[in-house]
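The values are calculated or read from the model by the stated rules, or taken from the named source; none is laboratory data. These numbers were taken from a predicted model, which means no experiment stands behind them. Quick reminder, even Gly has a Cβ in these numbers, built from the backbone with ideal geometry, and neighbours come from all protein chains shown. Ligands, DNA and RNA are excluded from the accessible area calculation, which covers all protein heavy atoms including side chains. Shrake-Rupley method; radii C 1.70, N 1.55, O 1.52, S 1.80 Å.
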Amino acid sequence: MATQLRSLLSIIQKSIDDIEAEFVKHGSEFPSIDEPPSECDAIRLQPSVQAATALLTSAAYQLIATAQLPPSYIFNSLFGYYLPSALRAAMETNIVEILREAGPQGIHVKDIAKKAQVDPTKLSSILCYLATHHIFREIEPDVYVNNRLSSVWDTEKSLEEIKERRVLIEMAVSKFLTTCHSPMTKFNGTNGIAALIGHCADEDYKGAGQIADHIMAPETAFEDTPERSPLMTALGYDKGSMWSWFEEPSNEMRLRRFGIAMNGVNSLQPPDAILKGFDWASLPEGSVIVDVGGGIGVSSISIARAFDHLKCIVQDRAMVLKLGTEHCQKLLPAALESGNIEYHEHNFFDAQPQTSATVFLLKQITHDWSDRYVVQILQRLRDAATPTTTLVIVDTIIVHPCPSPPSDIPGANLVPPPSPLLANLGVANASTHFADLSMFVHFNAQERTLVHMVELLAKTGWKVICVYRSDDSGGYLPQIVATPATIPASTKE
């Protein structure tokens, strides 16, 4: 009988064989981490490659956890909090852009520090730590170049352009913004990854430090309002939730960054991910998709670009919609001109004004709210729904590490991974649990299991008819499709 180590090794070897076979089929080789991004990266998005990569990653992490001495594993995990700190420092000081301009021969940390206007000794510690985690490559002592990982957050702007914009902004706005090394325009026109790193390593990171105190303090232990979340405690803000904090004049840069960061979340999936699953093409000419809480309209822009016979209405707060209109004007101006995309101010806790919607789309909305608020949101949509309205919810589903009972909902069940892997693929699927804790930190909210979502939907008169999974791990941003059902008498007012 194979030992657990041998079983994990077998999974790793087979996964590598499967991945390399797909690359050979395309006349290519799996790229080195030291190579820049290239066209062969598209092969990694093939479903078979993604499935094999998930198994390989899960087995590799479980192998490390099994083989490493327990105290070493725990303390390596414990001190992981330095990684987001170092990432933010590198992003805010434009290290990727500096290294790109320096070219493949690299640049010494003293020269990097001079361009970034920071202390070279401190920067050396940061870059050495990141390179140890394979983010950046040190080609000789204190000489660095970008690699495939660090290139992920390249804004593709020149350092001169970033600095020029910063000087103009500092001359024009409040003293507060002069302390922000990253100008309001740095992330404009990017894929959003750099903005997402900035948000997570700034606001999210600060709030995470409050988790233990929050769950132990009597006054917050059972709190479920967004106004008293760990993040609000960390920021010392008592005038509302994160949304009102973002709209403070001094936080304009962070609000802009957050909006673009949500596009960064979209960038973590294939560009057409929202188009996979639910059959948008089958909707009749002139069908109305109401993108409830749609932010700057990332999903609606993707839908409108692919299906010009559909009309998308993006609903959100006024300040967010201003950014959304600007975003759409740059990416798909024709949709604004034709009316295929419209931006409407709306609070989803109020009565829904769109009473003839073909589809209500809730993308990454329910995870922002605790259960009692989600019930209100779903009830407002149910009240406005026609008998043929469809509800599409796109949110992370938490998958348990242990096996779960089977479901009779089409698409709900996952193929169990090979033993001895965890049912949820462990750390390979950890992003769903990062998201869960992040929602707790931001809003006293959560990501939910499918069972939990089905219960909330049934309570508000919606029946789940199918689930479209985005990947083999099953948790990251699947589509839950529901249709109107009888509202239970116990929940009627």
Filter segment 327-351 down to the residues that are among the hydrophobic types (A, V, I, L, M, F, W, C), open to solvent by 30 Å² or more (accessible area, probe 1.4 Å) and more than 23 Å from the chain's Cα centre (by Cα) and list them by number. Ala334, Leu336, Phe349, Ala351
Wholly within segment 251-344, which helices (runs of 4 or more DSSP H) include no fewer than the required count, namely at least 2 residues that are farther than 25 Å from Thr396 by Cβ? 252-267, 318-331, 333-338
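Working only within segment 404-416, note down all residues that are open to solvent by 30 Å² or more (accessible area, probe 1.4 Å) and either of a type in the set (S, T, N, Q) or touching a residue at least 24 places away in the same chain (Cβ under 8 Å) (or both).
Ser404, Ser407, Pro410, Gly411, Asn413, Leu414, Val415
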Kindly indicate whether Gln376 is under 16 Å from His452 (Cα atoms), of a type outside the set (A, V, I, L, M) and open to solvent by 30 Å² or more (accessible area, probe 1.4 Å). yes
Any chance Glu160 is open to solvent by 60 Å² or more (accessible area, probe 1.4 Å), at pLDDT below 95 and assigned to a loop (DSSP other than H, G, I, E, B): no
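If you check Pro401, Pro488, which single one turns out to be loosely packed, with under 15 Cβ neighbours inside 10 Å, without any contact (Cβ under 8 Å) to a residue 40 or more places away in the chain and either within 23 Å of Pro47 (Cα to Cα) or of a type in the set (Val, Ile, Thr) (or both)?
So the residue among Pro401, Pro488 that is loosely packed, with under 15 Cβ neighbours inside 10 Å, without any contact (Cβ under 8 Å) to a residue 40 or more places away in the chain and either within 23 Å of Pro47 (Cα to Cα) or of a type in the set (Val, Ile, Thr) (or both) is Pro401.
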Checked pairs for segment 49-75, first within 17 Å of Leu414 (Cα to Cα), second open to solvent by 60 Å² or more (accessible area, probe 1.4 Å), C-beta under 6 Å and 6 or more apart or across chains, list as Ala51/Asp472; Ala52/Asp18; Ala54/Asp472
Go through segment 325-356 and count every residue that is farther than 17 Å from Ser287 by Cα and among the small types (Gly, Ala, Ser). 2
Mind checking which pairs have a first residue in segment 202-219 that is more than 10 Å from Thr233 (Cβ to Cβ) and without any contact (Cβ under 8 Å) to a residue 24 or more places away in the chain and a second that is surrounded by fewer than 19 Cβ atoms within 10 Å (Cβ to Cβ) and among the hydrophobic types (A, V, I, L, M, F, W, C), Cβ under 8 Å, 6 or more apart or different chains? Ile215/Ala221
So, in segment 1-54, how many residues would count as being more than 27 Å from Glu138 (Cβ to Cβ) and outside any helix (DSSP H, G or I)? 7
Take segment 405-435 and flag every residue that is under 20 Å from Asp202 (Cβ atoms) and out of contact with any helix residue (DSSP H, G or I) (no Cβ under 8 Å at 6 or more places or on another chain). Ser431, Phe434
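I want to confirm something. Restricting to segment 110-127 and keeping residues that are outside any helix (DSSP H, G or I) and not acidic (Asp, Glu), which single residue is surrounded by the fewest Cβ atoms within 10 Å (Cβ to Cβ)?
Among them, the one singled out is Gln117.
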Give me the residue from segment 379-398 that is closer than 20 Å to Leu425 by Cβ and among the hydrophobic types (A, V, I, L, M, F, W, C) and, out of that set, most open to solvent (accessible area, probe 1.4 Å). Ile398
Residues in segment 353-370: is at least one in contact with a Lys or Arg (Cβ under 8 Å, 6 or more places away or on another chain) and within 14 Å of Ile301 (Cβ to Cβ)? no
Per the list (1) in contact with a helix residue (DSSP H, G or I) (Cβ under 6 Å, 6 or more places away or on another chain); (2) part of a helix (DSSP H, G or I); (3) crowded, with 16+ Cβ neighbours inside 10 Å, residue check on Ile135 breaks on (2)
Per the filter on segment 211-223, residues in a helix (DSSP H, G or I) and open to solvent by 50 Å² or more (accessible area, probe 1.4 Å) are Ala212, Asp213, Ile215, Met216
Conditions (1) in contact with a helix residue (DSSP H, G or I) (Cβ under 8 Å, 6 or more places away or on another chain); (2) within 24 Å of Phe434 (Cα to Cα); (3) modelled with pLDDT of 95 or more -> Val392 fails only (1)
Conditions: (1) more than 24 Å from Lys276 (Cα to Cα); (2) free of Cβ contacts under 8 Å to residues at least 60 places away in the same chain; (3) under 25 Å from the mean Cα position of the chain (by Cα). Asp371 meets all but one. Number of the miss? (2)
What are the residues in segment 273-285 that are modelled with pLDDT of 95 or more and not aliphatic (A, V, I, L, M), if any? Phe278, Asp279, Trp280, Ser282, Pro284, Glu285
Flagged in segment 224-245 as open to solvent by less than 40 Å² (accessible area, probe 1.4 Å), in contact (Cβ under 8 Å) with a residue 60 or more places away in the chain and touching a helix residue (DSSP H, G or I) at 6+ places or on another chain (Cβ under 8 Å), in numbering order, are Pro226, Ser229, Pro230, Leu231, Ser241, Met242
Out of all the residues in segment 452-464, is one or more assigned to a loop (DSSP other than H, G, I, E, B) and either under 24 Å from the mean Cα position of the chain (by Cα) or modelled with pLDDT of 95 or more (or both)? yes
